[in-house]
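Student: One structure is given below, represented as structure tokens, and several questions about it will come after.
The values are calculated or read from the model by the stated rules, or taken from the named source; none is laboratory data. The structure displayed is predicted, hence computed values, not measured ones. Cβ: placed from backbone, ideal geometry, glycine included. Neighbour counts: every protein chain shown. With ligands, DNA and RNA removed, areas are computed over all heavy atoms of the protein, side chains included. Shrake-Rupley method; radii C 1.70, N 1.55, O 1.52, S 1.80 Å.
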Amino acid sequence: MNALALVTDEASLPDDYDMRLLLDACRAVGFAAEVRSWEDPAVDWSDFDAVLLRSPWSYVDKLPDFLEWCERVSAATRLLNPLPVVRWSLDKHYLADLAAYGVPVVPSSFVAPGADPLAALREFLTAHPRTEEVVVKPTVGAYSRDVRRFPRSCESEAVRHMTELTGKGHHAILQPYLTSIDRDGESDLIYFDGSYSHAIRKNALLMSDGTAGAPTFESRRARDADEDERAVASAALGAAASHLGLEQALLYARVDLVRDDDGKPMVLELELCEPSLNLPFTEGGATRFARALAARLNPRGR
């Protein structure tokens, strides 16, 4: 029987709606699954046949420590998804890589520490004259933390927020706020072993007053992804695999999509490290994931 660690942290576990369902499904298909915190120094990760990243969301404030921990785990056992995927996907600069492969992504401009935020903002708005509001956020983050939207007229406020981010050593990203999000929300598509499993609709989180809410259980509802959405999601996953030189499909992935002003889907985010998989919103999703994991760790049993 394979020993599997499902990784979280103490602060994040209460918000992990997937964990109980996944625990039960893993045990049903023959895994001795155990919940462990990545911040627990007493854990010997080599005791496990695989370590599955689930909700280690405290990494946002401790990214160097988290990546160092991932390196140690990778040396001791099998990390899923693997280390190169983790490194690449935790920083939204990956959007530029996807765009280079022709994947439709939300237009994004990056502002590095030391850059002139006012010049960067004006250049972005000039390049996107139809943009009425701009989103400013860090390239590394989770749960809408430090994400804000600003009307085009609030230039000084947007610059101030960028200055705060870059002053802390963060890279910032500028994106247009698409009005379709207020109408249609965001669609999150979940894939296991390269195959589409299910999708949800998530309500808009960025309010017009500049505040941002965290995604809650109540803000989501099940839906079936449209064919054009699946096509874009598949293209994004294919581009990621090509860019990273992966020899097999990602074990798990979530592709977050919104529609542009012309109604065409585009990638907002690609979650390949520790995404919420929205398992409570689909019949059998946890079992599909557990079976994909079993096939990955026991390929002869496929």
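Student: Can you name the number of the only condition in (1) open to solvent by less than 50 Å² (accessible area, probe 1.4 Å); (2) under 30 Å from His243 (Cβ atoms); (3) hydrophobic (A, V, I, L, M, F, W, C) that Ala32 fails?
Tutor: All conditions are met except number (2).
Student: For a quick check of your reading of the model, give me the residue pairs whose first member lies in region 136-164 and is over 30 Å from Ser55 (Cα atoms), whose second is assigned to a loop (DSSP other than H, G, I, E, B) and open to solvent by 60 Å² or more (accessible area, probe 1.4 Å), with beta-carbon atoms closer than 7 Å and at least 6 apart or on different chains.
Tutor: Pro151/Glu132; Arg152/Glu132
Student: Here's something else I'd like to know. In region 38-86, what count of residues is obtained for those that are of a type in the set (Ser, Thr, Tyr), outside any helix (DSSP H, G or I) and open to solvent by less than 20 Å² (accessible area, probe 1.4 Å)?
Tutor: Adding up the residues that qualify gives 1.
Student: Right, something else. Restricting attention to region 179-196, report how many residues are buried (at least 22 other Cβ atoms within 10 Å of the Cβ) and either more than 16 Å from the chain's Cα centre (by Cα) or hydrophobic (A, V, I, L, M, F, W, C) (or both).
Tutor: Selection size over region 179-196: 3.
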